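First the structure, in the form of structure tokens, and then the observations on it.
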Number of protein chains: 4
Amino acid sequence: MCSSSTHHRSEPVAVDIDDAAEASAAPSTELIEELVAANQILFDQGVVDAFGHISVRHDKRPDRFLLARNMAPSRVTAQDIVEFTLDGEAVNANGRKVYLERFIHSEIYRARPDVVSVVHSHSHSIVPLSVVKGMRLKAIFHMAGFVGQGAPVFEIREAGGDATDLLISNNMLGEALARHFDGHDIVLMRGHGSTVVGGSIKQAVYRAVYAELNARYQLQAMQLGEVTFLTEEESRTCVQNVEGQIQRPWDMWLEQARVRRG
Amino acid sequence: MCSSSTHHRSEPVAVDIDDAAEASAAPSTELIEELVAANQILFDQGVVDAFGHISVRHDKRPDRFLLARNMAPSRVTAQDIVEFTLDGEAVNANGRKVYLERFIHSEIYRARPDVVSVVHSHSHSIVPLSVVKGMRLKAIFHMAGFVGQGAPVFEIREAGGDATDLLISNNMLGEALARHFDGHDIVLMRGHGSTVVGGSIKQAVYRAVYAELNARYQLQAMQLGEVTFLTEEESRTCVQNVEGQIQRPWDMWLEQARVRRG
Amino acid sequence: MCSSSTHHRSEPVAVDIDDAAEASAAPSTELIEELVAANQILFDQGVVDAFGHISVRHDKRPDRFLLARNMAPSRVTAQDIVEFTLDGEAVNANGRKVYLERFIHSEIYRARPDVVSVVHSHSHSIVPLSVVKGMRLKAIFHMAGFVGQGAPVFEIREAGGDATDLLISNNMLGEALARHFDGHDIVLMRGHGSTVVGGSIKQAVYRAVYAELNARYQLQAMQLGEVTFLTEEESRTCVQNVEGQIQRPWDMWLEQARVRRG
Amino acid sequence: MCSSSTHHRSEPVAVDIDDAAEASAAPSTELIEELVAANQILFDQGVVDAFGHISVRHDKRPDRFLLARNMAPSRVTAQDIVEFTLDGEAVNANGRKVYLERFIHSEIYRARPDVVSVVHSHSHSIVPLSVVKGMRLKAIFHMAGFVGQGAPVFEIREAGGDATDLLISNNMLGEALARHFDGHDIVLMRGHGSTVVGGSIKQAVYRAVYAELNARYQLQAMQLGEVTFLTEEESRTCVQNVEGQIQRPWDMWLEQARVRRG
């Protein structure tokens, strides 16, 4: 157990991996465009501010993933997307700074073969919920069945001691966080935010938006009395049926994000 | 009682009804334009996001109603309006997907001849209010007299069991919801949202906007102490007099919606 | 005591007073322009929506005041300003509909010679505060010293019975409201909103904006524990000194309102 | 101890100091541009409205600082920046009105040689937190480690009596406020707002934005139960590591502010 994670941190400016054979395995242009759009949508919908990030598993190499360089999501373009290994090493950073917390993504992709996209954010209702002792985010409405019967809360002190910066800034902490999912699709991080996973970029974005709404409604409802949450079966049926509709908000969010940036 | 409503669900892509005699009964252009405007206003005023819908009873055939195809309300145009029977069957979908929850509308029009327009939404203060045990939405200010002395809360478990997706996705559930109105003009749906009815598109839109505000104020006031709600007579007088002014917000909302979409 | 105020209501379409001698006493163009700007600012700052209004005492005839015709404040232009007597009768409506609640303004101008401008609104934090039993709006920060040691709450049931529409729709109710000020500069109206007065349009607008903020902060603070409000002397000193700065927000709000309407 | 600070107040229109030798020590253009940008960002991010101000220590004369003339931050341009001595006297006001509260800045620069920039604001969640008896702002998430283990609350009654306008309008009150920091980087001011300091303009702006968010989350979390705050060591590590990322939000905020003003 370390008293501070700063000593274990990989360099923010990543060293590229020399791997000539990889030119043939470039990710599809559509995937990169969708990832760029997702960055803009997450900002436009208030899920991320200058911090937070979304990644997607490489469509030709499941042992790689794509994530923007270290920058505000709202400003990401296709040129800013960097490829990473499942150790969190940048393949083609070319000297660009990368996110300190890329290990959130790498270790989840390693631990969960079913996961195609990961969103990490500090959205406004998730943070307060994450610090109330004994409180768990639970599915409160049909749009957020994926939240289930109580999302795990990751307490970094258990893995990193009580003097960290709360960031998932190395493989060990990423691995501890990934383990914490334990079959769930969202984990809250105490005093920090949340990480949500999905089977596609659109599903991960959808879940990040509606996890925030679920938290907001839960904060309000719990102040007034006892709350009826979804049953386990309701949650499951909602995921199955409601998430079949995610193209609808995606199209609208994309249009909104584009109108706003002119 | 079914454990999941998914097996009873009509196909999302509706089969058209072959009915040549209907060409002469096309709804008026003005009605369709007003319905399109209502979609944009409801989005612009924050009542609906990518989900939620508004319908209007056909002005020439009271056994028919008009509702957009399956899409985000903010993007609806006149070309997207579909005609439905009171069984929730699309008359002219032409292969376009329709809303899973069209049965909210069809069964209310069948049960309530006085209703001309129906709004279903998941607005931000209605959802938390809908899940607090024992809580009822009550008229708290003069703009929302129509809320009355305690809006019914529809618990889908009573009609559909405890494993549904909470959606009103078949005639049986629609009929149960419609029955739940019991003379009221708004019903809350636990863990889901609300459905509001009116004698015109403008009235239904007005009520959807102010039901949300009433819920928001009620959530805030009830945290601080005992609340003075409107009396039954005050509610009634407010409906009678304040709702005579609904052209005023309509004109403003329409202008705002048009400015924002440029 | 009447069970409903609707029977006592003046006609919404006012009859003009034939008074040829008045041509010489037209209000100054600057005053009308300031009143139009105030309408736009109050909307832009979220104090009014499609409802609510601001008036100013006529600069040449203290027995007259100026108020827009019945319309949403955001849409008011100089052509929409109507002149009224202190009985709430329109002088030059020319058949245009006027506000049902013009008697708020007329009776305050009659009762309070020091008042030059009146704002009536239903702003978002004032309404919930107005319905909590025993609660009084009190000055919580230096920008809102004018709120003082507890704003009176007008309970319309005392003057109009328990079956009104809560509107101040005749002289009698206006007079009861005006009397309720009792030296204060703001009165809350239960289940309805508030009315604020000032010695100028700018002061009344300033107070309407900051009364809303005071209510918002008070709602939040009172949920967490005992609150330190301003002392009576602090309130007084704040009014004296802080309100000397009101040109600053006015200039900014005007610029914002103009940018937003393009 | 005075019962009102108004008698001790310097004239709002400051007398310039005649000092010909100073032409050679003009602040750098970059510093002034950054200060102008900071004014716009603080408005755009909702930290200041028409009130509140940011200053920076002169880059060539540590006994001087730069602050806008008396105006709304959103409207500040390079021409509006005035130079002040550590007594709060304007060097080049040329008859322009200056802020009543410039003594917040002058006395902090005098007392804290490490401070390069000071933000004073009345942001929306700070004010309610400042008036709840016994409550202290504490670091609740990793972005706000600088808040530490409980920010001091400045009660002006201790220095100025209970009849002030709560403004820091003379050197004595500024000195009392500066002393109150006691090694912290933020002080709350009861019924008024907060003052935040940083080692650069960007750091002070960053801290003002995230202090508001910390207050917002703390208000929400404390309504629901016992809260886990950052430990002292976590706070320290967060400051050290997270604040290394402040260029990222700065770039985004600047872009946003510029897009919004067209």
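Computed values, structure above
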{"read-out": "Sole residue being in contact with a His (Cβ under 9 Å, 6 or more places away or on another chain) and without any contact (Cβ under 8 Å) to a residue 40 or more places away in the chain, chosen from D:Val187, D:Val196", "value": "D:Val187"}
{"read-out": "Qualifying residue in region A:212-229 (condition: crowded, with 22+ Cβ neighbours inside 10 Å, aliphatic (A, V, I, L, M) and under 12 Å from A:Met143 (Cβ atoms))", "value": "no"}
{"read-out": "Listing of strands (runs of 3 or more DSSP E) fully contained in region C:18-114 that carry 1 or more residues being within 14 Å of chain B (Cβ to nearest Cβ) and touching a helix residue (DSSP H, G or I) at 6+ places or on another chain (Cβ under 6 Å)", "value": "C:64-68"}
{"read-out": "Of residues in region A:125-146 being within 18 Å of A:Thr237 (Cβ to Cβ) and of a type outside the set (A, V, I, L, M, F, W, C), the one nearest to the other protein chains (Cβ to nearest Cβ)", "value": "A:His142"}
{"read-out": "Matching residues in region A:12-59 - criterion: being of a type in the set (D, E, K, R) and either at pLDDT 95 or above or in contact with a Leu (Cβ under 6 Å, 6 or more places away or on another chain) (or both)", "value": "A:Glu30, A:Glu33, A:Glu34, A:Asp44, A:Asp49, A:Arg57, A:Asp59"}
{"read-out": "Single residue of region B:81-134 satisfying the filter (of a type in the set (S, T, N, Q) and over 17 Å from B:Ile32 (Cα atoms)) that is surrounded by the fewest Cβ atoms within 10 Å (Cβ to Cβ)", "value": "B:Asn94"}
{"read-out": "Hits in region B:159-173 (condition: within 12 Å of chain A (Cβ to nearest Cβ) and part of a loop (DSSP other than H, G, I, E, B))", "value": "B:Gly161, B:Asp162, B:Ala163, B:Thr164, B:Asp165, B:Leu166, B:Leu167, B:Ile168, B:Ser169"}
{"read-out": "Residue match in region D:147-158 (condition: in a helix (DSSP H, G or I) and more than 10 Å from chain C (Cβ to nearest Cβ))", "value": "yes"}
{"read-out": "Selection within region B:115-124 - in contact with a Ser or Thr (Cβ under 8 Å, 6 or more places away or on another chain) and more than 14 Å from every other protein chain (Cβ to nearest Cβ)", "value": "B:Val116, B:Ser117, B:Val118, B:Val119"}
{"read-out": "Condition met for B:Ala78 (under 22 Å from B:Leu254 (Cβ atoms) and surrounded by fewer than 22 Cβ atoms within 10 Å (Cβ to Cβ))", "value": "yes"}
{"read-out": "Restricting region B:158-207 to residues that are crowded, with 21+ Cβ neighbours inside 10 Å and of a type in the set (Ser, Thr, Tyr), the residue that is farthest from B:Asp44 (Cα to Cα)", "value": "B:Thr164"}
{"read-out": "Residue in region A:166-177 that is under 23 Å from D:Glu233 (Cβ atoms) and without any contact (Cβ under 8 Å) to a residue 12 or more places away in the chain present", "value": "no"}
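The values are calculated or read from the model by the stated rules, or taken from the named source; none is laboratory data. Quick caveat, the model's predicted, so the values are computed rather than measured. Note that we place each Cβ from the backbone using ideal geometry, even for glycine, and neighbour counts take in every protein chain shown.
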